[in-house]
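Here the structure comes first, spelled out in structure tokens, and everything after it is commentary.
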């Protein structure tokens, strides 16, 4: 049985937020989510890498750890993991068939995301996981993952203006939706938020009497290591950690923002320790070292060329990518053009975006004068038209040295690597990055 054939019938229901369908479906399955202790993670950006850190650390600490994230880059099995290993194709088909059998014809049919989410809960219950790290799909309050009344910890990583067509036009509206994962009395870890979002989240936490921790970002102590100051002074500390003030750990994921993401994960780990979870510093260090999160500021190679991959699918994520690019080893000293002008070091962007994204703001964050832009469609999704993107990009940055459209990313990459010696980056959509990874794996 093919996974796509199992999930395809539900795709037509699209994004349809609400908890009524998922609650009924889970009830038909025997409420498997009631058997699974969870850490629930929401946020505009950073939630996937926070989930990856937590899952790796908890697995290293010896706990049977589930992880549920979305979207996948290459294969549906990536979404549901046990001890860092994706569910097998056979097991995924098996649980999807069980979910499908539990859908009653007289009930409102679930969406595709609700079906795969129910499959994750069912699999984790069947596998008797000790804990599951669960990423919100969209928003929080009405997301299909928001069915647990007492999570171990809730985390809100960041909030910026994305999916505003569904979640509401302002950052405060979006914050209200994400704060919907907070539960009465359950501890929360909250990242640095815009003031209007912070006010909404903290007000909701106060109403629900949620203890809130907002950790400081970790400090970079060398290119591959960071140092985190523990929050033990604000929490009841386990006896064996009473004297610890700092944890030094490797930071395998790239980008300045990982100092924040890793601190959020470690703050959640500290809260678990106060609840009695046995997580040693050695497990933390090894777990951090082993963390992998594909498609986010990821270096790879293509035809013996060095290539940087990143989703950069919203303005905040695009700014994180731009900051990383700007932090790289300074470019060679600029050469003088004829006439005394200085030639700038520039970037070759191979980009595709979904039609629903904030194209102008993403371009504003990324492109600079003398950059080269190679625009492509995002396959198999609601892609923005590359020709329209080209017009927008040239209006945002008229000083682009090159801007052209291509029918697919392969000829665009060929052109990008043969035109100059600039850094080449494939970005703009996680689906585009996933398509690239699937294609090179198949070659």
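What share of the DSSP beta bridges in the chain is antiparallel, in percent to the nearest 5?
The answer is about 40 percent antiparallel.
So how far apart, in nm, are the two label points at residue 414 and residue 2 if each is 7 Å from Cα heading toward Cβ?
Between residue 414 and residue 2, the label points sit 2.8 nm apart.
When the Cα centres of the stretch 279-307 and the stretch 401-443 are compared, how far apart do they sit, in Å?
That distance is 22 Å.
What's the center-to-center distance, using Cα atoms, between the stretch 243-269 and the stretch 183-204 in Å?
About 20 Å separates the Cα centre of the stretch 243-269 from the one of the stretch 183-204.
Evaluate E = 1/(1 + (r/R0)^6) for residue 380 and residue 34, where r is the Cβ-Cβ distance and R0 equals 41 Å; express this FRET efficiency to the nearest 0.05. Present the calculation step by step, with values, prior to reporting the outcome.
Numbers: r = 36 Å, r/R0 = 0.87.
Computed FRET efficiency for residue 380 and residue 34 comes out at 0.70.
If I model a spin label at residue 256 and residue 150 as a point 7 Å from the Cα along the Cα→Cβ vector, what separation in nanometres do I get?
About 4.2 nm separates the two model spin labels.
Based on DSSP H runs of at least 4 residues, each adding -39500 (n - 2.57), what is the mean residue ellipticity at 222 nm of the chain after dividing by all its residues, to the nearest 500 deg cm²/dmol?
For the chain, the value works out to -11500 deg cm²/dmol.
Apply 1/(1 + (r/R0)^6) to the Cβ-Cβ distance of residue 104 and residue 274, taking R0 = 41 Å, and write down the FRET efficiency to the nearest 0.05. Intermediate values should be presented prior to the final figure.
Details: r = 42 Å, r/R0 = 1.04.
FRET efficiency, residue 104 to residue 274: 0.45.
May I ask you to derive the relative contact order of the chain, considering only C-alpha pairs under 8 Å and at least 6 residues apart, and to give it as an integer percent? Provide the component values of the computation, followed by the final result.
Numbers: 870 pairs, mean separation 64.7, N = 443.
Over the chain, the number comes to 15 percent.
What FRET efficiency do you get for residue 20 and residue 388 if R0 is 51 Å and r is their Cβ-Cβ distance, rounded to the nearest 0.05?
Details: r = 38 Å, r/R0 = 0.74.
Computed FRET efficiency for residue 20 and residue 388 comes out at 0.85.
Laboratory data are not the source of any read-out in this text; all were calculated from the coordinates shown. Bear in mind the structure is a predicted one, so any value in this text is a computation, not a measurement. Please note: Cβ atoms are built from the backbone with ideal geometry, for glycine as well, and neighbour counts cover all protein chains shown.
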